Amino acid sequence: MKLSLLCLLALAAVSAAADLSQPIEVLCAVQKEGQGNEAAAKAWQEIVKADAATLPEVLKGMNGANPLAENWLRAAVGVIADEALKAKKLPVDALVTFLKNTQNSPGARVVAFDLIHRADEKLAEELTPTLLEDPSADLRRHPVAKLIEAGDAALEKKDNAAAIVAYGKGLGGARDEDQIKVLAKKLRGLNQKVDLPKHFGFLMSWKMIAPFSNADRKGFDTVYPPEKELKFDASYEGKTKEAKWVDFTSTDEYGKIDFNKPFGMEKSVVGYAATDFFSTEDRPAEIRIGCKDGWKVWLNGELLFARDEYHRGAKLDQYKLPCQLKKGKNTILVKCCQNEQTEQWTVEWEFQLRVCDATGTAILAKN
């Protein structure tokens with residue numbers, strides 16, 4: 001009798017979750033500019049009335065959802081979870097199972113971890129070390145923060161060796177720039193070498209050529225010779241002087257490739273940078289670029305992305321370009337356009353580029 005009752009309860013829970021498939025589908029169909037909002041509002045009201053046992057199903061709806069739909073679902077999860085926490089009925093074991101399944105979306109898994117932490121802080125702390133190598137950069141933040149704390153505590157006890165171990169382990173797992181900067185500073189303060197270009201996967205050595213004309217900002221769409229062929233012994237007519245290829249290796253630990261250094265402070269010009277990346281295997285990857293000028297990026301002759309915009313700011317991983325590396329040589333070509341503005345804040349004519357996987361983990365070239 002007990003077994004039958006348990007089976008009925010389990011079936012009821014599964015049924016309750018399954019009953020949400022339609023309203024979740026409606027939420028996932030919501031689009032920008034209000035398309036589907038009315039139907040989504042009705043579906044949302046239906047979802048928030050569901051039992052706490054449905055939380056993993058609602059979280060699962062976030063897999064592949066557009067940002068607007070994800071916000072609707074996240075809000076629904078919050079309402080259901082708040083009621084479940086008051087009643088002490090949060091399905092913690094099911095949320096742990098959801099968290100451990102790395103096929104679920106990073107955003108949904110972060111929400112699951114937060115709910116686990118609210119329900120059982122001790123359990124969340126036990127799970128924390130397992131997230132140091134997680135595919136989600138957001139989930140790595142907590143274990144990295146704990147390692148920073150551990151290193152700081154060791155320093156207070158004047159145990160430099162233990163601090164170095166904690167900080168080093170934290171740096172190995174860190175993927176966010178702010179935490180990496182903190183850890184690099186702490187390790188260097190303990191006389192440890194930190195190779196940030198290697199950690200991030202910045203490409204530091206390039207062949208560069210300039211200056212081609214960007215008069216009236218027409219250079220962005222003009223197909224100059226490097227876009228047709230890469231002949232590093234060739235020279236071409238440039239805007240103010242002959243355009244020749246030069247070798248350039250950056251010394252900036254954040255991988256900035258500065259055209260001003262080899263070519264001078266030019267304006268209304270176009271430059272190109274090319275490098276070969278040798279991959280150990282055929283694999284998916286991301287080329288991530290930061291640039292405040294107009295730019296284009298090609299991989300093995302295929303245009304990945306282009307941005308015709310100037311001086312709107314640059315930051316690490318500003319643009320993420322999914323791509324497919326082939327085993328062996330992969331040629332990366334960057335076009336970087338400088339405009340005519342002369343204000344001090346417009347002089348930068350540079351980019352930074354790294355190769356990594358979807359988690360931000362550097363993919364290092366084969367030597």
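Filtering region 309-337 to residues that are more than 20 Å from residue 359 (Cβ to Cβ) and in contact with a helix residue (DSSP H, G or I) (Cβ under 8 Å, 6 or more places away or on another chain) leaves 310, 311, 333, 335, 337. Checking each residue in region 143-165 for being of a type in the set (Gly, Ala, Ser) and more than 19 Å from residue 196 (Cβ to Cβ) picks out 145, 150, 153, 154, 161, 162, 163. Only one entry of 163, 112 meets the criterion of being surrounded by 18 or more Cβ atoms within 10 Å (Cβ to Cβ), in the same structural domain as residue 60 (by TED's automatic domain parsing), part of a helix (DSSP H, G or I) and at pLDDT 95 or above, and that entry is 112. Applying a threshold of 8 Å to beta carbon distances and a minimum spacing of six or more residues, or different chains, the list of pairs starting in region 182-208 at a residue that is at positive phi and ending at one that is basic (Lys, Arg) reads 201/354.
Would you mention how many residues in region 289-337 are aromatic (Phe, Trp, Tyr) and modelled with pLDDT under 95? Adding up the residues that qualify gives 1.
Does region 227-237 contain at least one residue that is in a loop (DSSP other than H, G, I, E, B), of a type in the set (Ser, Thr, Tyr), farther than 30 Å from residue 359 by Cα and modelled with pLDDT of 95 or more? Within region 227-237, none of the residues are in a loop (DSSP other than H, G, I, E, B), of a type in the set (Ser, Thr, Tyr), farther than 30 Å from residue 359 by Cα and modelled with pLDDT of 95 or more. Kindly check whether there is at least one residue in region 205-217 that is small (Gly, Ala, Ser), crowded, with 21+ Cβ neighbours inside 10 Å, under 32 Å from the mean Cα position of the chain (by Cα) and within 26 Å of residue 361 (Cβ to Cβ). Checked against the condition, which is being small (Gly, Ala, Ser), crowded, with 21+ Cβ neighbours inside 10 Å, under 32 Å from the mean Cα position of the chain (by Cα) and within 26 Å of residue 361 (Cβ to Cβ), region 205-217 yields no hits at all. Give me the residue from region 235-278 that is among the aliphatic types (A, V, I, L, M) and in contact with a strand residue (DSSP E or B) (Cβ under 9 Å, 6 or more places away or on another chain) and, out of that set, farthest from residue 337 (Cα to Cα). My answer is 246.
Quick grid of which residues meet (1) more than 22 Å from residue 150 (Cβ to Cβ); (2) small (Gly, Ala, Ser):
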position: 171; (1), (2): no, no
position: 180; (1), (2): no, no
position: 186; (1), (2): no, no
position: 190; (1), (2): no, no
position: 194; (1), (2): no, no
position: 197; (1), (2): yes, no
position: 205; (1), (2): yes, yes
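For region 276-288, the count of residues that are modelled with pLDDT under 95 and in a loop (DSSP other than H, G, I, E, B) is zero. Quick check, is residue 155 within 24 Å of residue 187 (Cβ to Cβ) and either among the charged types (D, E, K, R) or out of contact with any Cys (no Cβ under 7 Å at 6 or more places or on another chain) (or both)? So residue 155 fits the description; yes. Every condition in (1) surrounded by 14 or more Cβ atoms within 10 Å (Cβ to Cβ); (2) farther than 25 Å from residue 131 by Cα; (3) assigned by TED's automatic domain parsing to the domain that holds residue 265 holds for residue 365 except the one numbered (3). Scanning region 195-204 for residues that are closer than 19 Å to residue 232 by Cα and buried (at least 21 other Cβ atoms within 10 Å of the Cβ) yields one hit, 203. Flag not set for residue 133, criterion: out of contact with any Phe, Trp or Tyr (no Cβ under 8 Å at 6 or more places or on another chain), over 24 Å from residue 64 (Cα atoms) and surrounded by fewer than 18 Cβ atoms within 10 Å (Cβ to Cβ).
Pick from region 306-357 the residues that are of a type in the set (A, V, I, L, M), in a loop (DSSP other than H, G, I, E, B) and in contact (Cβ under 8 Å) with a residue 60 or more places away in the chain: which of them is surrounded by the most Cβ atoms within 10 Å (Cβ to Cβ)? Among them, the one singled out is 316.
Of the helices (runs of 4 or more DSSP H) entirely within region 1-91, those holding at least 2 residues that are in contact with a Ser or Thr (Cβ under 7 Å, 6 or more places away or on another chain) and either modelled with pLDDT of 90 or more or surrounded by fewer than 21 Cβ atoms within 10 Å (Cβ to Cβ) (or both) occupy 2-18.
The values are calculated or read from the model by the stated rules, or taken from the named source; none is laboratory data. Computed from a prediction, not measured in an experiment: that's the story for all the values here. Cβ atoms come from the backbone with ideal geometry, glycine included; neighbour counts cover every protein chain shown.
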